[in-house]
1. Considering only residues of region A:60-97 that are among the small types (Gly, Ala, Ser) and under 22 Å from A:Ala120 (Cβ atoms), which is farthest from the other protein chains (Cβ to nearest Cβ)?
2. Considering region C:46-57 alone, what residues qualify as being in contact (Cβ under 8 Å) with a residue 40 or more places away in the chain and in contact with a helix residue (DSSP H, G or I) (Cβ under 8 Å, 6 or more places away or on another chain)?
3. For D:Met197, which of the numbered conditions (1) in contact with a Leu (Cβ under 7 Å, 6 or more places away or on another chain); (2) within 28 Å of D:Gly71 (Cα to Cα); (3) not basic (Lys, Arg) fails to hold?
4. Yes or no: D:Arg100 within 8 Å of chain C (Cβ to nearest Cβ), open to solvent by 20 Å² or more (accessible area, probe 1.4 Å) and not small (Gly, Ala, Ser)?
5. How many of the residues making up region B:176-206 are open to solvent by 20 Å² or more (accessible area, probe 1.4 Å) and among the small types (Gly, Ala, Ser)?
6. Modelled with pLDDT under 95 and either open to solvent by less than 50 Å² (accessible area, probe 1.4 Å) or more than 10 Å from every other protein chain (Cβ to nearest Cβ) (or both): which single residue out of D:Ala114, D:Ala120 fits that description?
7. So, of the residues in region A:148-164 that are hydrophobic (A, V, I, L, M, F, W, C) and touching a residue at least 24 places away in the same chain (Cβ under 8 Å), which turns out to be farthest from the other protein chains (Cβ to nearest Cβ)?
8. Looking at (1) over 22 Å from B:Arg48 (Cα atoms); (2) more than 10 Å from every other protein chain (Cβ to nearest Cβ), which is the one condition that is false for A:Asp42?
There are 4 protein chains.
Amino acid sequence: MQQIDLNSDMGEGFGRWSLGEDETMLETVTSANVACGFHAGDPETMTRVVTAAAARGVSIGAHVAYRDLAGFGRRYVDATEAELVGDVVYQIGALQGIARSVGAEVSYVKAHGALYNTIASDERHARAVLTAITRYDPMLVVVGLAGSPFLDQARAAGLATVAEAFADRAYTPDGALLSRREPGAVLHDPAQVTERMVDLVRTGTVEAVDGTRVPVHAESLCVHSDSPGAVAMARAVREGLERAGIAVRPFLADDPPRAGDAAVG
Amino acid sequence: MQQIDLNSDMGEGFGRWSLGEDETMLETVTSANVACGFHAGDPETMTRVVTAAAARGVSIGAHVAYRDLAGFGRRYVDATEAELVGDVVYQIGALQGIARSVGAEVSYVKAHGALYNTIASDERHARAVLTAITRYDPMLVVVGLAGSPFLDQARAAGLATVAEAFADRAYTPDGALLSRREPGAVLHDPAQVTERMVDLVRTGTVEAVDGTRVPVHAESLCVHSDSPGAVAMARAVREGLERAGIAVRPFLADDPPRAGDAAVG
Amino acid sequence: MQQIDLNSDMGEGFGRWSLGEDETMLETVTSANVACGFHAGDPETMTRVVTAAAARGVSIGAHVAYRDLAGFGRRYVDATEAELVGDVVYQIGALQGIARSVGAEVSYVKAHGALYNTIASDERHARAVLTAITRYDPMLVVVGLAGSPFLDQARAAGLATVAEAFADRAYTPDGALLSRREPGAVLHDPAQVTERMVDLVRTGTVEAVDGTRVPVHAESLCVHSDSPGAVAMARAVREGLERAGIAVRPFLADDPPRAGDAAVG
Amino acid sequence: MQQIDLNSDMGEGFGRWSLGEDETMLETVTSANVACGFHAGDPETMTRVVTAAAARGVSIGAHVAYRDLAGFGRRYVDATEAELVGDVVYQIGALQGIARSVGAEVSYVKAHGALYNTIASDERHARAVLTAITRYDPMLVVVGLAGSPFLDQARAAGLATVAEAFADRAYTPDGALLSRREPGAVLHDPAQVTERMVDLVRTGTVEAVDGTRVPVHAESLCVHSDSPGAVAMARAVREGLERAGIAVRPFLADDPPRAGDAAVG
């Protein structure tokens, strides 16, 4: 039986402000990328999300970001490698502290926003993130963009990786995400998105914008949490996958990736 | 042979700014209260201090504070209990993450600035701090003001405690610190301070401002790190203690306090 | 013809986060209390709100707060007087800068959250706020709680004042707001609230929780912007006032308070 | 009689932290670049510096920066143009508010750190800074790197400009600053620096690292404030200039640049 993980961003509020419907999304996804305070995520919110995730058997990941609350971590910050190593360790530790305080645990790391996009190809900041993870706990799984050099770099560093695809994004013929600046970059029809994801899990390929099929090997699908219709989209994808006989479960549930296990990603 | 711990605040810079001479102080003290990012302490600084402390066998404590970078944690912030529990867990976790990344470990918690002063007598914020520690790790030792209700509250919560005295402060006849607003509240003569501390360790009492002797039971002496002459003062105290045959060592070295061991504090 | 001002909090988002429906509220209120960056309010949001307010002839006020983004300015911060003077000047100047950049102008100052509540009775922080206003521009109008010592203090300092009542709050027999912790403190029925406000403007009194009538002299009514139903409530109040023949207009429109004019508040 | 302005960075502390000896530097320089809170500069510090500058007849400039307290504004932040326009207006307004509160005035704008370096050649962020200045007050003078495209862009936008040279930096044969990563990029000998600056003012040229002379037209010389020996260096330069018969005075004192006056820069 085929299986797949569904991950989504959580805890993206800060103090008085909230984003998305975390409680509802946690009923649908199997992995929660939890903001750690640098782009969003105050400790009280983090505690609530982690508690709710653990109660539902949802895996908890540290959603680490550049220090950029005003820009929600969507802006590249030209940090030194040493600064970034420290910032990533700090964020993982903080979330792990919150998790520990409610009897839960952080099991993976995923970069957020500009940091995610930067490390997909920038070796220097990628190295900083991987160094941070290695120093903090080399058993933590690294989630990254399917097909990106970052995942190769992570595996070369001896870390277990999980490749992810984006449920509602169009792909170019060479397997990259179509830039958000292009028309049609984001798909809005739950039925279409669901069909594509079932297809992706079954065939390891997805239809690119030019109609060709392009290979995308993913162990996790990212569904957005903060757009209107996010919950409906996530539910549609999950139900569609299950209807197609694909098990939706945390990537760590049955076959935990192991450090040094290069076959994982 | 009598023994005592010397603790001092460390890592109180932030980014471009630094305070005190951490490296030098680490050669003299036996416990380092490390800022965790809320009143001071960026991750790179935290990493440097924790690494240096571990290399010298100096114990590492989380110096937790109100979220108040602009006020250096010296201003009371009327946080809710839930906010404060989260903030304290977050800070301990972040420092523990940094410590773990360099093979070190946080072994105690001490509040900083306004939080320290507040919890000495405010039951609500004291409870928040103790709840945070209990949830994060009930084996962490709590350092607090000798004779304060806070230490009683900590012991009642089942936590191990260490009472501290302040090396360079005058005491009132009832064993409290003389307010900094009063003349003579801070002592500046290393010889006088050293003599008082030797006396305190030997007799469990200190001479109050009115000349009477007042009991102060302390397992640790706090020496300041950020005033001019701080290093000289710390060295004088250490050398004076050792000359008097008192061993200066971490309070955890020989006889680690244990959770529930009400005799510790 | 009687008249009254309607004021509401605006620009209470920060970066990715938003609160309330500023554009819609600006069609109903006549004075906008604009967040200045310390409890909410990034410069882009501030620019948008100020531009929209100016386009509608809505007066612009600096909604100054304690430096407390994580607590939305709802937490008392024990700042020194000098710190608070600087913080308030900084915030007014920043908003005035934004206003100036779009050809608008700040005409009044109102404290937010914990600062509002604190200065209603705390002379020290009240003095800091008034000193800041006096130093920055003594022609700025001070908006404060009707009947509070703060307004007396402001007038004694030679500043023009505007007293405000809260549309949806219950009053005690001595004219204070019933604490939010008490049942019935916040009124939710637009019809009831509207009737009370028409009554207040006409008679200068409001019915207290014990059924007695208590004098409340207000030149402005504060309507909330961030609760569900806020827009509907604000519209109901405005329409009710106008139906009753009361003009709803900025307190500055016809009869600008003048510095030293003790009759204003 | 030839004249020149000496400018230096001021108010670069934040809360508990301070940098440099502002009071002493203010006796030597004629223009003070005052941090506005985004890379450094709390309101109390800003007030102190502005007051001291005004008392000595030192011109006050807004030292605007990326929002990056943790990185001291030394890190590029990929802000949108709209964000950056807002951030710059906000900072100028805040400092002008502080200045106004003590009867002083901001007369120019200079970018700090990464923003300074970025806009020297990046048209997009340069445009954002210039748009902010134009919207806030087109009479404000823009200080920038002598010979940089930024100054051309500023003049094209109708703003008055002042070109500056760096007293203690080596120049390449094409008139650019030698990168700090190169050996010899920063000069430490006060006598040598003084001689170079006298030479620069007299001849409009400076000796480049390869021994050739390169034209550098500057109306202001930047002397550093936060390095050891900064005060001694600044004094040496000032005294050397005066000994050489060159008047050291604010660039605005006698001949204020005017908007649209393209001959200024």
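The values are calculated or read from the model by the stated rules, or taken from the named source; none is laboratory data. Keep in mind the model is a prediction, meaning the values are calculated, not measured. Note: ideal-geometry Cβ built from the backbone for every residue, glycine included; neighbour counts use all protein chains shown. For the accessible areas, the whole protein counts, side chains as well, though only heavy atoms, and no ligand, DNA or RNA atoms are used. Shrake-Rupley method; radii C 1.70, N 1.55, O 1.52, S 1.80 Å.
1. Top of the filtered list is A:Gly61.
2. Our first condition is that a residue be in contact (Cβ under 8 Å) with a residue 40 or more places away in the chain; within region C:46-57, this holds for C:46-47, C:50-51, C:53-54, C:57.
C:Met46, C:Thr47, C:Val50, C:Ala54, listed by residue number.
3. Exception for D:Met197: condition (2).
4. The answer is yes for D:Arg100.
5. Total meeting the criteria: 4.
6. Details: D:Ala114 fails: modelled with pLDDT under 95.
Exactly one residue qualifies, and that residue is D:Ala120.
7. A:Ala163
8. Result: A:Asp42 fails condition (2) only.
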